[in-house]
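Structure first, commentary second.
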Amino acid sequence: MVRSCVHIVGGGVIGLACAWELSRNGHDVTVVAPSPGRDGASWVAAGMLAPVTEAQFGESALTALLLAGARLWPGFAAALEEAAQESIGYDTTGTVTVALDASDRASLDDLLAYQQSLGLEATRCSASECRALVPALSPTLRGGIEVPGDHQVDNRALLTALGAACRHGGVAFVESSVSAVGAGPELVLADGRRLHPDHVVLAAGTGLPFIGGLEGAGLPEVRPVKGHIIRVRPPSGPHAGAAPLLTRTVRGLVHGHSVYLVPRRDGSVVVGATVEERGDDTAVLAGAVHELLCDARAIVPGLDELELSEVAAGLRPATPDNTPRIGWTALEGVMLAVGHFRNGILLAPLTAAAVVDLLGERPVAPVIEALAPA
Ligand SMILES: Cc1cc2nc3c(=O)[nH]c(=O)nc-3n(C[C@H](O)[C@H](O)[C@H](O)COP(=O)(O)OP(=O)(O)OC[C@H]3O[C@@H](n4cnc5c(N)ncnc54)[C@H](O)[C@@H]3O)c2cc1C
């Protein structure tokens with residue numbers, strides 16, 4: 001294998017996963033990003049690894065990609081924890097999706113039929129079967145679906161571990177924005193410095209359209225899709241020390257709205273998320289937070305007793321067909337790894353493996369070939 005000098009633009013989960021895999025494969029890697037491992041959609045996300053509950057009608061090709069991504073997670077998690085010497089909170093307990101009213105139940109049954117038509121592992125549950133799996137569920141629910149193969153990781157622990165593994169593996173960091181990409185390839189930084197690697201991987205998420213010099217690169221449109229998300233934690237003070245509210249991920253349909261609650265090992269819970277086409281706007285709006293909390297407490301009433309620790313909004317990087325683009329661009333030496341929309345945490349190991357293969361001129365699987373930017 002030829003050792004090449006690769007600069008990665010972006011320090012989210014995609015950039016860092018690519019950096020770590022490339023370094024493990026003998027390349028000389030630098031990450032160029034203003035705040036690697038501490039910003040972007042990756043920092044805000046919930047960390048679900050959910051190929052089944054993310055399956056949407058008419059997106060069977062994307063589901064196949066998500067399943068391929070999920071298959072890599074056990075090996076990736078073990079190798080990363082070993083390399084970083086840190087836990088990433090990888091949890092394989094599984095997921096339950098519940099319905100609040102009769103119409104939500106009918107929608108879930110349609111979804112279940114679709115999931116089963118794709119051969120996905122999902123089982124219809126009565127309300128009492130759901131409550132046996134998750135005692136904190138409201139007694140008024142109309143049952144749900146058990147999905148044992150949808151897992152989760154603590155996305156912030158994941159980013160920290162990726163950063164540590166990169167540093168142990170010799171990856172360099174340049175904490176700056178890239179303002180333009182030129183032929184060569186060349187990276188022009190915000191402070192005017194110019195870098196000249198052999199190859200560039202563009203993993204800048206929703207920052208991609210703001211990088212100059214890429215007009216002839218044949219890039220897809222990447223738009224931001226806003227998501228509000230809330231973090232709550234166990235109470236401190238006289239009510240401290242209670243058992244965790246949840247130990248497995250709960251997703252719900254509440255009068256037609258989707259909501260999820262993802263528990264962490266420390267007893268905190270991530271509640272998400274809205275899906276809003278509002279452009280490049282991360283303002284946290286009271287109405288969105290109110291709606292998310294109302295929907296979440298309708299299915300898990302005990303949420304009321306937890307302390308609110310964070311409200312945030314992030315921008316998912318989405319392409320017109322909601323599918324990522326991974327592969328060489330029309331600019332020589334410049335590769336793309338963007339557009340992971342709702343599933344960038346899930347798809348990080350698969351994307352990183354694909355980037356290593358493409359750089360080494362090795363054949364990639366058809367699911368990856370189909371993601372070529374051209
Ligand atoms: C509310 C919410 C919940 C989510 N939940 C999940 C989930 O449960 N499971 C899941 O799989 N996915 C989830 N996602 C989606 C997931 O977070 C994204 O798909 C993923 O984080 C995209 O990673 P990324 O590295 O491409 O982009 P980002 O994480 O946005 O990172 C982009 C990076 O590029 C850098 N950058 C931008 N412009 C430049 C520039 N000019 N120069 C240098 N660097 C630049 C940024 O600073 C940042 O470091 C969620 C997203 C949101 C918003």
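Mind ranking SER23, SER107 by accessible surface for me, highest first, 1.4 Å probe? Walk me through the numbers on the way to the answer.
Numbers: SER23 20, SER107 55 Å².
Solvent-accessible surface, decreasing: SER107, SER23.
Give me the accessible area of VAL275, 1.4 Å probe, in Å² rounded to the nearest 10.
Probe radius 1.4 Å; accessible area of VAL275 about 80 Å².
Just the C-alpha atoms of the chain: what Rg/Rh do they give, with Rh taken as the Kirkwood radius?
With Rg and the Kirkwood Rh in hand, the quotient comes to 0.98.
Considering only protein heavy atoms and a 1.4 Å probe, what is the carbon-and-sulfur percentage of the accessible area of the chain?
Working: 8060 of 15190 Å².
Ligands and nucleic acids excluded, carbon and sulfur give 53 percent.
Accessible area per residue, 1.4 Å probe, Å², for the chain: what's the number? Intermediate results must be reported in sequence, preceding the final value.
Values: 15190 Å² over 374 residues.
Dividing the accessible area of the chain by its residue count gives 41 Å².
So how much slack lies between ARG24 and ALA64, counting 0.36 nm per residue of separation and subtracting their Cα-Cα distance, in nm? Each step should come with its number before you reach the end.
Details: separation 40, 0.36 × 40 = 14.40 nm, distance 2.67 nm.
Extra length available between ARG24 and ALA64 comes to 11.7 nm.
Would you compute, from DSSP H runs of 4+ residues alone, the mean residue ellipticity of the chain at 222 nm, taking -39500 (n - 2.57) per run and dividing by the full residue count, rounded to the nearest 500?
Working: 10 runs with 112 residues, N = 374.
One gets -9000 deg cm²/dmol as the mean residue ellipticity at 222 nm.
Please calculate the 1.4 Å probe accessible area of HIS257, with all protein chains present, and give it to the nearest 10 Å².
Using a 1.4 Å probe on the heavy atoms, I get roughly 90 Å².
Please list 3J(HN,Hα) in residue order for the stretch 95-107, calculated via the Karplus relation 6.51 cos²θ - 1.76 cosθ + 1.60 where θ = phi - 60°; whole Hz, with x for glycine and proline.
Calculated HN-Hα couplings, in order: 10, 10, 10, 10, 10, 7, 10, 4, 5, 5, 4, 4, 5 Hz.
Which far-off residues, 5 or more places away or on another chain, put their amide H under 5 Å from the one on ILE8, with H placed in the peptide plane?
Amide H to amide H, under 5 Å and 5 or more residues apart or across chains, ILE8 pairs with THR30, VAL31, VAL32, VAL201.
For the chain, which longest stretch is free of loop sites, where a loop site is one of the GluC sites (Glu not before Pro) that DSSP puts outside H, G, I, E and B and that has at most 12 other Cβ atoms within 10 Å?
Numbers: sites that count: GLU175, GLU221, GLU277, GLU332, GLU361.
Answer - 1-174.
What is the spin-label model distance, in nm, from ALA172 to GLU305 if the labels are put 7 Å beyond Cα along the C-beta direction?
Going by the 7 Å Cα→Cβ label model, 5.4 nm.
Report the antiparallel proportion of the DSSP beta bridges in the chain as a percent, rounded to a multiple of 5.
Working: 45 of 66 bridges.
Counting only bridges with both partners in the chain, antiparallel ones make up about 70 percent.
Hey, rough spin-label estimate for ARG194 and PHE57, points 7 angstrom out along Cα→Cβ, what's it come to in nanometres?
5.4 nm
In the full protein assembly as shown, how much of TRP328 is accessible to a 1.4 Å probe, in Å² to the nearest 10?
Counting only protein heavy atoms, the figure is 90 Å².
Could you work out the longest stretch of the chain that avoids the trypsin sites (Lys or Arg not before Pro) located in DSSP loops with at most 15 other Cβ atoms within 10 Å?
Numbers: sites that count: ARG3, ARG38, ARG193, ARG265, ARG278.
My reading of the result: 39-192 is the longest stretch.
The values are calculated or read from the model by the stated rules, or taken from the named source; none is laboratory data. Please read all numbers here as calculations on a predicted model, not as lab measurements. Cβ: placed from backbone, ideal geometry, glycine included. Neighbour counts: every protein chain shown. With ligands, DNA and RNA removed, areas are computed over all heavy atoms of the protein, side chains included. Shrake-Rupley method; radii C 1.70, N 1.55, O 1.52, S 1.80 Å.
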